[in-house]
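Input: a single structure, listed below in structure tokens.
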Amino acid sequence: MKAFLSRISRFFMVLALLCVFIGGTSIRSLASEQEESKEELNLSEFIIHHVLDDHVWHFTNHLTIYLPVIVYSSERGLDIFSSRNFYDEYHNVINYDGYKLDHSHIYLADSGKAVLDLSITKNVAMLLITAVIMALIFISVGNAYKRNPGKAPKGLQSFFEPVIVFVRDEVVRPNIGPHYEKFLPYMLTLFFFILIGNLLGLLPGAGNLTGNIAVTGVLAVLTFLITNFKGNKDYWAHILWTPGVPLPLRPIILLVEVIGIFTRPISLMVRLFVAITAGHIVLLSLFCLTFIFSSIWVGFASSIIVLFINLIELMVAGIQAYVFTLFSSLYIGMAIAEHEHDHH
Amino acid sequence: MQLLTPDPGLILWQLIVFVLLFLLLAKLAWRPIISSLKAREQSITDALETAERARLEMTKLKSDNEKLLKEAREERDKMLREAREAANRLKDEAQTEAKKSADKIIEDARAAINIEKQAALKEVRVQVAMFSLQVAEKLMKTKLADDKAQKELVENYIKDLKTN
């Protein structure tokens, strides 16, 4: 247990050191963004806007990336255009080509019907960046293993090997059991996707990818599908006709168990979404105190607090990746466990 | 509320990208990584096991050697002891033998001496008797030439007889 804690703490220390400076810059960039727009601010709207998805990637008023919009509707078919078309030169939202942008949702301007929005939004861009970074890192790590088999790891390989071994030995194997190896690739992808997504989300100007309910929902559904498709006879017997329970209670237990099937992925989805989004909201709220009090001293104090909250966020990034993988392993492990006895 | 309503577009993108990423990494990253880690761990376990076996072998060899050495030492002690015993026995035997023969020689000598002594004594007795007879003869011849001397002699004998 001790070795295990020291391994975790060492891991987080490295991550913390990596990102302390990044935290600092994130505050500063937000500050400049705020000071430039002197208008009356609705701070809660501002904060929520920052944790939501968007069709533009806004760094400062002078640096905004207009992301491509991809929409499909039965009336208009597929349309691809730049989101710049939705803004005039004063950065006001305007209609374009019969499409209306309202609170990041796109509607048909004349009928008001929502279209299927497949745009490369800020979060989709973040998703692609995360995927590319992961592919680059882990394919290079995988090649390093292929290049010198049986040798001691070095470079990037030796940085990630302890984490991979940690996921395998502390998360996946103890919870899934002897058949863990089949699920290890999924669990490793899940862990590193959440971890890297969380960490990238803390970068200045980054999108809130892993704090988006659509993203966490998809991950939870994948775990849900694996759990129920890989679930064995014992698992279903346990749900449908729980052994060791008095007969009159069995229908009630059945109801509870069936609800349980669905509450597990929902808890996975909500936990990650809430932990990451709440972290971002806390950071932004503390930061916004400066503008509420309009005082440089409050800004100074809140910057210090935000710095420490940022460190906590780094920890949360790791913990949430760990917890999501842990619970996914646990659910799958429960579904494929082979019971030797009738009841427990 | 917008926070809690998932966008279908993002769901689709997330699903596609994540599944593709999983397939890509499973093939190009996780498979070589997992198998290499396993192979390395296996080789470490094997190496440790071999070392342990070698150590046991060494211990066994050492104990075997010690056993052999002990046996050899015992053998040597036994041989020495036996040799010493044999030597002692031989010595004792020789001593008794020597003593016996010496005793016999002495005994024989003594017997021979006795025989010689008896023979010599016998000789001496014969000689003395002879001398006595000769002396007596001579004395007789000289002394008993007259009657007076004969008479004196007879009287002396009688005196002697009386005192005896």
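Overview of results
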quantity: Binned Cα-Cα distance frequencies in the stretch B:21-163 - 5 Å width, integer %; calculated: 2, 6, 5, 5, 5, 5, 4, 4, 4, 4, 4, 3, 4, 3, 3, 3, 3, 3, 3, 3, 2, 2, 2, 2, 2, 2, 2, 2, 2, 1, 1, 1, 1, 1, 1, 0, 0
quantity: A versus B: buried accessible surface, summed, Å² (probe 1.4 Å, to nearest 100); calculated: 3700 Å²
quantity: Under 29 Å from B:K67, Cα to Cα: lysines that are on another chain or at least 8 residues apart; calculated: B:K78
quantity: Subset of A:K146/B:K38; A:K122/A:K154; A:K233/B:K38; B:K122/B:K151; A:K146/B:K27 violating a 24 Å alpha-carbon distance limit; calculated: A:K122/A:K154; A:K233/B:K38; B:K122/B:K151
quantity: A:L289, A:L67, ranked by accessible area, largest first (probe 1.4 Å); calculated: A:L289, A:L67
quantity: Average beta-carbon neighbours from other chains, 10 Å sphere, peptide A:135-148; calculated: 5
quantity: Tilt relative to chain A, helix A:250-293 - C-alpha long axis, 0 to 90 degrees, to 10; calculated: 30 degrees
quantity: Debye intensity ratio I(q)/I(0), log10, chain A, q values 0.11, 0.13 Å⁻¹ (C-alpha model); calculated: -0.90, -1.12
quantity: Lysines with Cα under 22 Å of A:K113, excluding same-chain neighbours fewer than 8 positions away; calculated: A:K100
quantity: Computed over the stretch A:247-344: relative contact order in percent, which uses C-alpha pairs under 8 Å that are six or more apart; calculated: 28 percent
quantity: Highest-first arrangement of A:81-91, B:83-93, where packing means the average Cβ count within 10 Å; calculated: A:81-91, B:83-93
quantity: Karplus-derived HN-Hα couplings along the stretch A:219-226 (A = 6.51, B = -1.76, C = 1.60, θ = phi - 60°), whole Hz, x at Gly and Pro; calculated: 4, 5, 5, 4, 4, 4, 5, 4
quantity: Structure-based [θ]222 nm, chain A - -39500 (n - 2.57) summed over DSSP H runs of at least 4, per residue, nearest 500; calculated: -21500 deg cm²/dmol
quantity: Degrees, to the nearest 10: B:147-163 long Cα axis against longest axis of chain B; calculated: 40 degrees
quantity: Cα pair distances in the stretch A:192-261, grouped into 10 Å bins until the bin that holds the longest one, percent each; calculated: 18, 31, 20, 18, 11, 2
quantity: For chain A: relative contact order, % (alpha-carbon pairs under 8 angstrom, 6 or more apart); calculated: 22 percent
quantity: Per residue accessible area of the stretch A:54-163, 1.4 Å probe, in Å²; calculated: 52 Å²
quantity: Those trypsin sites (Lys or Arg not before Pro) in the stretch A:142-214 that DSSP places in a loop and that have at most 14 other beta carbons within 10 Å; calculated: A:K151, A:K154
quantity: Loop-located chymotrypsin sites (Phe, Trp or Tyr not before Pro) in the stretch A:166-248, at most 14 other Cβ atoms within 10 Å (DSSP); calculated: A:W241
quantity: Exposure ranking of B:K122, A:K233 by accessible area [1.4 Å probe, largest first]; calculated: A:K233, B:K122
quantity: Farthest positive-ward along the stretch B:70-151 dipole, Cα basis, beta-carbon charges - from B:V135, B:Q95, B:Q150; calculated: B:Q150
quantity: Partners for B:K138 among aspartates and glutamates (Cα-Cα distance below 16 Å; same-chain residues under 8 apart left out); calculated: B:D146
quantity: Cα gyration tensor shape for the stretch A:148-298, rounded if a/c is under 1.5, else prolate or oblate; calculated: oblate
quantity: Built amide H within the under 5 Å cut-off of A:Y99, gap 5+; calculated: A:A109
quantity: Other protein chain Cβ atoms within 10 Å, averaged over every residue that makes up A:157-166; calculated: 2
quantity: Local electrostatic count at A:E161 - Lys and Arg +1, Asp and Glu -1, tallied over other residues with Cβ under 11 Å; calculated: +3
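The values are calculated or read from the model by the stated rules, or taken from the named source; none is laboratory data. A quick note: this is a predicted structure, and the numbers were derived from the prediction, not measured. Methodologically, a virtual Cβ is constructed for each residue, glycine included, from the backbone with ideal geometry; neighbour enumeration extends over all protein chains shown. Only protein heavy atoms, including side chains, enter the accessible area calculation; ligands, DNA and RNA are left aside. Shrake-Rupley method; radii C 1.70, N 1.55, O 1.52, S 1.80 Å.
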